[in-house]
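**Student:** Here's a structure for you.
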Amino acid sequence: MFQGSTIPAQHSAPQRRLLKINGRIAGRLLAAITLATTSQAVCAQNAPANNAPANNSLERFDRQLEQIQRTTRLQVDTDLPVDQRLLIDYGGYLSLNYLSIDDQNNDNHGLRQADFVGYGRISLDGVHEVFVRGRGTYRDFNPGDNFDDDEPNDFWFG
């Protein structure tokens with residue numbers, strides 16, 4: 001689809017709409033030409049090798065097809081403001097966990113843990129993209145249950 005093709009600013013709105021419609025028609029024409037080329041290539045493989053005029057027309061047709069593809073390639077519409085070409089996606093999730101264990105001496109050990117994951121993605125024209133992801137974890141042990149005596153019973157780490 002050729003919706004992002006460049007249309008000069010000097011055209012009026014109806015002219016630009018007409019140019020976009022013509023771009024869509026060119027896309028359909030390109031698909032039909034590709035189908036015709038494929039079928040001609042299959043026929044050329046099945047035809048005798050001394051069919052030189054058909055091969056010349058096929059090569060000429062291929063050159064024309066390549067030229068159409070070069071001229072109708074999708075391009076960024078720089079007339080649009082950046083905020084309309086920019087995609088911003090963000091989100092995150094929170095996971096809450098609780099663990100309570102009784103050991104062989106009937107002592108209870110507890111841990112409450114929260115994990116937060118956040119992300120953000122910015123994409124400009126579908127070409128330039130930045131992705132960032134972060135994670136933070138909060139652990140809260142019952143008093144005296146922490147495995148590392150140097151750390152407090154509740155702390156954040158990432």
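Bear in mind these aren't lab numbers, they're just calculated from the coordinates by the rules spelled out. None of the values given here were measured: they were computed from a predicted structure. Here the Cβ positions follow ideal geometry from the backbone for every residue, glycine too, while neighbour counts run over all protein chains shown.
**Student:** Cβ neighbours within 10 Å, averaged per peptide: list 96-107, 134-145 in order, most packed at the top.
**Tutor:** 134-145, 96-107
**Student:** Give me the distance in nm between label points sitting 7 Å out from Cα along the Cα-to-Cβ direction at residue 93 and residue 68, one decimal.
**Tutor:** 4.7
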